[in-house]
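Okay, so here's the structure we're looking at.
Values quoted throughout were computed directly from the atomic coordinates according to the rules given, and no laboratory measurement underlies them. All figures in this text were calculated on a predicted structure; none of them were measured in a lab. Please note: Cβ atoms are built from the backbone with ideal geometry, for glycine as well, and neighbour counts cover all protein chains shown.
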Amino acid sequence: MKQILSILLVFLLLLSCSASAATYSNDPDAINESAQSVVLLAVYDVSNRLISTGSGFVAFSDEYVVTNYHVIEDADIIVAYTDTGDLRQISRVLCADSGRDLAVLVFDAPSGLKPLTLSEGSEPVRGEPAVTIGSPMGFRNSVSIGNISSAEEDEYTGYIQFTAPISSGSSGGTLLNDEGEVIGITTAVYSDREPTQNINFAVSSSYVIEMYNAHKEDVPVPLSELERIDIKTKVENPANKVDPNARDVTIQNVAGFSITEVYLYPDNAKNWGKARNVGGWLTNNGQIVITMTDEEVAQDTLWTLNFCFLYQKRNYYIDYSGLDLKEMLGRTLVIRMEDNMISVEIE
C-alpha cells in the first residue's frame, strides 16, 4: 500500500508541475482572449476604393489602434473588423513614423475592446517562444507560433527576427512573448525566389511606446493629413525590409562586358518600356538608377529585366522574369557572369 501511495503521490506532483509550467504560447484560451483585441484593417482611399488590407491591435486605451505606416498610406477611411466580425470606423491618426513604419490610429468612437499590454521589460531572447496574431491574405486573426531568431539592436536597429509564419496582410499585427505581452509589430517577410526558413521581422514595441508617450496629448488629424505629422525617423532596414518611400531601382553591371538595350517592364505589359535614365551602353562596372512612378509601384504584378550584350561576336538577349518590384525598390540588381553563366542578384 505504501508503494502504491508513493507512486500516486509522485504522479500527482508531476501533474502539478505540468500545470504550473503552462505558458501563453500553449494556452489557447489566453491566445483567443488576445485575439479579441486584434483587428483586420480594410483601407479605402478618397474615391472609396479598397486599396489595401492589413492588421492592427488595440493598445493604450480602447480608443487607439497600432499598425504599420505602410498599411495606411493614401488612406481616407479605414474599416476595422473585430474578431467577432463587428465593424469599427477609423478616420483619424494620432501619430506616425514612416522610418520605423509605425502609426497610432484613433477610432471614431471608443471601441470597447480591451487594450493589449505592450512589453516594457527586458529585450526578447533568442530561442524563446513567440506568438503572432494578424490577418494574412485577409484571413482574420490567424494565429501562428514560433521562436525569436534574433533581436540584436545594433544589427537590425530594433527589428526583431522571428520564425512564426506571417504573410501579406499580417503587417501591423502582434508579436507576443510567452507572458502574452506585445513585444513587436509584425512588419516584413524576407522573401526571394528560393525557399526561405520563416525569416520574418517585427518592429520593437519599445518604439511605439516611445512615440505614443511623446504625442499622446496631440490633437488627432484626418488620415488624409498623415504625411503632415510623419516623424520620418531614419533607421537601418533588415535585409529585404521594404522602405515604403523607396522608388529607385539600381542596375549594376559587373559581368565583365558592356550591356545595351536595358529594359525593365511589367510582365503583363503589351509593349516593352525602355528603362528610364539609360544613356547608351551600360559599361562594365557601371550602373544606372531607375526611378519608378507611384502608379508603377501600386501595380500588383511581377516585372521582367531584359538586356542585350555582345559576347564572342554574338548578340545575346537575356530575360529575367518574375521579379517582385517590392523586393527591388531601394536595392540593386547586380548582373554577373561566372563560368559562362549570366546571373542577376538582388542586393
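Each peptide in 220-231, 105-116, 126-137 gets a packing score, the mean of other Cβ atoms within 10 Å over its residues, and the list from highest to lowest is 126-137, 105-116, 220-231. Loop-resident trypsin sites (Lys or Arg not before Pro) (DSSP state other than H, G, I, E or B) in the stretch 47-96 with no more than 14 further Cβ atoms inside 10 Å of their Cβ: 49. Taking amide H as placed 1.01 Å from N in the peptide plane, residue 286 has its amide H under 5 Å from the amide H of 253, each at least 5 places away in sequence or on another chain. Close amide H partners of residue 149, meaning residues 5 or more places away or on another chain with modelled amide H under 5 Å apart, are 127, 161, 162, 163.
Gain on full extension, evaluated as 0.36 nm per residue between residue 318 and residue 338 minus their Cα-Cα distance, stands at 5.7 nm. Taking GluC sites (Glu not before Pro) across the stretch 44-135, the ones in a DSSP loop with at most 14 further Cβ atoms lying within 10 angstrom of their Cβ are 120.
A Cα-only calculation for the stretch 52-149 places Rg and Dmax at 14.2, 40 Å. Annotation for the stretch 285-334: trypsin sites (Lys or Arg not before Pro) lying in DSSP loop with at most 13 further Cβ atoms inside 10 Å of their Cβ are 313.
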